[in-house]
Amino acid sequence: MPRFPRLAAIATAAVALAALASAPTSAVEPTLTDPRVVERFDFEAGQTPESIALEPDGSANVTFAFARQVARLSPHHEPRIIAELPAVANPNTPIIEAAVTTGIARAHDGTLYVNYATGTKLTGIWRISPKNHTVKQIACLPKNGFPNGLALDERRGVLYATDSVLGTVWRVPAKAAAGHDCVKPKAWATGSKLDRSAPPTGMVGANGLQLRHDAVWVTNFDKGLLLRIPVKKNGSAGPIQTRATGLTGIDDFAFTGRDDTILAALITENKVALVRPNGTHSTVLTAKDGLSNPTSVAVRGKTVYVPSAAFFTMENPNLLLATLNKHHR
């Protein structure tokens, strides 16, 4: 497996990837340049990177979905498996019938939180210790659900997780109360915009999840939606707002900077889309750049990280880096 070169700082290239298609490119719009695949993974070993959380030094923590593992990809080092979730003898996970690790979030002290979908009592949110990387289940989510996106609000001390089958955003305390090793979730947000589409086409509803400016942002894979849910002063959910439509196959995403512009992984389209605050969007990365069913996006400074899981292509799971050229007002 090749090493992970220059992860923390990628030089800005001179040539843009592509002209933005759905609206004229402006001098204030971010662009991506210099895309490169820096890691390739073993599909047969279940190394299908689903979600990503960055370390302060630019290292990347990724969940290998079908290997039930969390790997750390560090500059100039081989990928290292730092945690593995317990095996499940007879997984009964909705949609896929296999035990998988999905969303990941990182606390400032290095603690990692990971969603685990199994179809059993082990379904929930698991904590990975920053010291010895031991794993412990801290939240028990419904075994008939599919926990997917995950985000940590350290200011409020809570975790939010999407459920792609039950059409719910769960909210749980990040630290279990004394005497409660596995807390029950609170259904923080529900509604038709979070639900899967009706049969026979319905597969995955609420999917990616990120926090920004006192709001929980969520994608709906089946419906191609980007949603914003305000967090009220009392912690409850406000009305669900639709911020963009027509995002076929949208998975997880990341904000690019000071405004609400995002980069979204379109897993079935083998694309990354730039989605503007007004809801318009255009393609900035494609399969020609190395994408193979991209699942998520992370941004650190000028570096964009895009894991591809190859769930449908079954070829070339990888991690791609590109340079973000920010042109904000």
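Summarising the label geometry, the points placed 7 Å from Cα in the beta-carbon direction at ASN325 and ARG36 lie 1.7 nm from one another. So, counting K/R as plus one and D/E as minus one, what does the shell of residues with Cβ under 13 Å around PRO142 add up to? Result for the local shell: +3.
Can you give the charge dipole size of segment 93-245 about its Cα centre, rounded to the nearest 20 debye, using +1 on the beta carbon of Lys and Arg and -1 on the beta carbon of Asp and Glu?
Working: 20 positive and 9 negative charges, 82 e Å.
Computed about the Cα centre, the dipole is about 400 debye.
When the chain is described by a simple charge dipole with +1 on each Lys and Arg Cβ and -1 on each Asp and Glu Cβ, the residue from PRO200, VAL88, SER236 located farthest towards its positive end is SER236. For the peptides 48-59, 223-234, the ranking by packing is 48-59, 223-234, with the highest mean count of neighbouring Cβ atoms within 10 Å listed first. For the chain, the relative contact order works out to 17 percent when only alpha carbon pairs closer than 8 Å and six or more residues apart are counted.
Of all aspartates and glutamates in the structure, those lying under 12 Å Cα to Cα from LYS233, and not within fewer than 8 positions of it along the same chain, are ASP214. Note on ALA45 and ASN278: with the Förster distance fixed at 41 Å, the Cβ-Cβ geometry gives a FRET efficiency of about 0.45. When segment 111-156 is described by a simple charge dipole with +1 on each Lys and Arg Cβ and -1 on each Asp and Glu Cβ, the residue from GLN137, LEU150, THR118 located farthest towards its positive end is GLN137. For the cross-link pairs LYS223/LYS302; LYS121/LYS175; LYS143/LYS223; LYS193/LYS271; LYS131/LYS184; LYS232/LYS271, the ones whose C-alpha atoms lie over 29 Å apart are LYS223/LYS302; LYS232/LYS271.
Evaluate E = 1/(1 + (r/R0)^6) for LYS136 and ILE81, where r is the Cβ-Cβ distance and R0 equals 22 Å; express this FRET efficiency to the nearest 0.05. Working shown, then result.
Working: r = 18 Å, r/R0 = 0.80.
That gives a FRET efficiency of 0.80.
Taking 0.36 nm per residue of sequence separation and removing the Cα-Cα distance, the ALA98/ASN144 pair yields an extension gain of 15.3 nm. When you count the other C-beta atoms within 10 angstrom of each residue and take the mean per peptide, 108-115, 157-164 line up highest first as 157-164, 108-115.
Here the chain is assigned +1 on the Cβ of each Lys and Arg and -1 on the Cβ of each Asp and Glu. Its dipole about the Cα centre then comes out at about 960 debye.
Local charge for HIS133 was computed over the other residues whose Cβ lies under 15 Å away, with Lys and Arg +1 and Asp and Glu -1, and equals +4.
Starting with the highest mean, order 248-261, 77-90 by the number of other Cβ atoms within 10 Å, averaged over the residues of each peptide. Each step should come with its number before you reach the end.
Values: 248-261: 20.1, 77-90: 14.2.
Ranked by mean Cβ neighbours within 10 Å, highest first: 248-261, 77-90.
Read-outs: derived from the displayed coordinates by stated rules, not from any lab. Here the structure is a predicted model, which is why all the values come from computation and not from measurement. Glycine also receives a Cβ, built like all others from the backbone with ideal geometry; neighbour counts cover every protein chain displayed.
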